[in-house]
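Working notes, beginning with the structure itself.
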Amino acid sequence: MDFIDLRSDTVTHPTPAMREAMARAEVGDDVLGEDPTVNRLEEMVASMAGKQAGLLMPSGTMSNLAAILTHCGRGDEVILGDKAHTVLFEAGGISALGGIHSRQIPNQADGTMDLADITAAIRSDDIHYPPTRLISIENTHNRCGGVPLSAAYTRSVGDLAQKYNIKLHIDGARLFNAAIAQGVSAADLAAPADSVSICLSKGLCAPVGSVLCGSFDFIQSARRIRKQLGGGMRQAGILAAAGIVALETMVDRLAEDHQRARLLAQGLNSIDGLILNPGTPQTNMIFCRLSDRIPFDAKETAVRLAAKGIKAGVVAERGFRLVLHYWITDADVEKTVRAFGEVLDVP
Ligand SMILES: *Cc1c(COP(=O)(O)O)cnc(C)c1O
C-alpha cells in the first residue's frame, strides 16, 4: 500500500495466499447450496462461534440487516445502543426496508448498555406499543473505542432477554478482536446470543464477506431473507476461499495489531496537542482529539498528514480514529508518530 492507511481495517487488501486460494477455489452455485468452499467457510465460522450454522453475506451491513429482519417483523421493536453501528452507519436499513422500530438507549463509555436501561426499554403488552422482539449489542464496540464486551456482560444481557422471551443478536464485526483481547473464545462471547454476525473483511483481511451464525432454523429463515435482499451469490466460493485463509491465518495475529495500537498510542501520547481518549486502545483502535492549542481542525490535520503519506480517520470536528491492521508495520507506527509530531508542531 502506498499510504499508511489508518482510517479503518476495512482498507486491508487480501494477502497473496488469499489471492492464490481464490484462484484455485472449488466452486458451485451457492444459491442452490452447492458451493463446497462456501459450505466449508460457513461451517468453520459457525463452529468457531459455537453455533449450529453459518451464512455467508456480502457485507456486515447486510448481515445485521438480515439478522434483524429474521428476528423481527414490521412494527416490531429492537433495542439498540445509540452509538451502535446499526443505528449510525447502516443507512437506516432496518426501518427503511424492514419497518422495524429502533429503541435507542445510551451506550456507556465501555460499549455496554445499562441492564436497568434495557429492562426499562422492554415494552409491556399494550396496543400502544410496538412489541420488543430483539436486543442487539456490538462487540467490539466500534464508536465506543473498539472496546470489547465481556462474556459475563453478554451473559447478563442474554439472561435478561430470555426472561422476557426476547432474542439477542451480536454485531460481532470484530468479535475475534474481542476474543483475542480478553483471552477467551469467540464461542464464549457468542454463547448467550441467538445470532452473531462476524466480518471477514476487517482485520482478517479478506476482500469481501461476513458470516451470520445461529441455529439451523434461524439460518434457514435468514437464507430466504438474504435472497430477498439480493444477497444470494452464485460461485461465491471465490470469496469464501479468501475467508477460509483469513480464519486459518489471521485470527491469532490480531494480537499484533493490538500490540501495535498500544505502541502507537504510547508515541502519540507524548505529542503536545493530541489528547488520547481515556483507556484507548483496548483492541486495534485509537481514539484521540486535538487540544485547544491547535489552531486548525481534524480535517485540516488529516490533509497535512496525507501530504506525509498518512491517512487518518476523521470522526469529529477535532477527533480521530486510527485503526491498526495487518498492513501496518512497526516502522509505519514510528513514521505516523513522527508525522503527527511535525504537523502539530505549531506555535
Ligand atoms: C464494519 C462494521 C459493520 C458493517 O460491515 P460492512 O461490511 O462494512 O457493511 C457492522 N458493524 C460494525 C461494528 C462494523 O464495524
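The values are calculated or read from the model by the stated rules, or taken from the named source; none is laboratory data. For clarity, every value in this text was computed on a predicted model and none was experimentally measured. Methodologically, a virtual Cβ is constructed for each residue, glycine included, from the backbone with ideal geometry; neighbour enumeration extends over all protein chains shown. Please note that ligands, DNA and RNA were not included when accessible areas were found on the heavy atoms of the full protein model with its side chains. Shrake-Rupley method; radii C 1.70, N 1.55, O 1.52, S 1.80 Å.
For the set K311, K163, K51, the ranking by accessible area, highest first and with no ligand, DNA or RNA atoms included, is K163, K311, K51 under a 1.4 Å probe.
Among the listed pairs K51/K311; K202/K227; K83/K227, those whose Cα-Cα separation exceeds 31 Å are K51/K311. Going by accessible surface with a 1.4 Å probe and the largest first, I225, I127 read I127, I225. Heavy-atom accessible area, probed at 1.4 angstrom with all protein chains present, ranks R74, R260 as R74, R260, highest first. Inverting the pair-averaged 1/r between distinct Cα atoms of segment 231-347 gives 15.6 Å as its Kirkwood hydrodynamic radius.
The accessible area of M22, taken with all protein chains in place and a 1.4 Å probe, comes to roughly 40 Å².
Solvent-accessible surface of segment 253-343, taken per residue with a 1.4 Å probe and all protein chains present: 45 Å². Taking a ≥ b ≥ c as the square roots of the eigenvalues of the Cα gyration tensor, segment 73-122 is classed as oblate, since a/c reaches at least 1.5 and a/b does not exceed b/c.
When Rg and the Kirkwood Rh are both derived from Cα coordinates, the Rg/Rh ratio for segment 107-227 amounts to 0.99.
Of all stretches in the chain that contain no GluC sites (Glu not before Pro) in a DSSP loop with at most 16 other Cβ atoms within 10 Å, the longest one is 35-316.
Per the Kirkwood formula applied to alpha carbons, segment 47-166 shows a radius of gyration over Rh ratio, Rg over Rh, of 0.94.
Nearest 5 is fine: what % of DSSP beta bridges in the chain come out antiparallel, could you say?
In the chain, approximately 55 percent of DSSP beta bridges are antiparallel ones.
With q set to 0.11, 0.18, 0.24 Å⁻¹, the log10 of I(q)/I(0) for segment 236-302, from the Debye formula over equal scatterers at the Cα positions, is -0.43, -0.75, -0.99. Less than 5 angstrom separates the built amide H of V315 from those of F320, R321, all sequence-distant by 5 or more or on a different chain.
Give me the orientation-averaged projected area of the Cα convex hull of the chain, in nm², one decimal. Over every viewing direction, the Cα hull of the chain projects on average to 17.4 nm².
Selection among G28, G93, T15 by position relative to the dipole of segment 1-143 gives G93 as farthest towards the positive end (Cβ unit charges, Cα centre).
May I ask for the percentage of alpha-carbon pairs in segment 14-53 that lie more than 13 Å from each other? The proportion of pairs with Cα distances above 13 Å equals 60 percent. Proximity of backbone amide H atoms, modeled 1.01 Å from N, is registered between I135 and I79, K167, L168, H169 at under 5 Å, excluding neighbours fewer than 5 places apart on the same chain. Separation of segment 86-152 and segment 157-202, taken as the distance between their Cα centroids, equals 14 angstrom. With R₀ set to 22 Å, the beta-carbon distance separating D188 from L115 gives a calculated FRET efficiency near 0.70.
Each 5 Å bin from zero up to the one holding the largest Cα-Cα distance in segment 1-77 carries the following percent of pairs: 3, 11, 13, 19, 20, 14, 10, 6, 3, 0.
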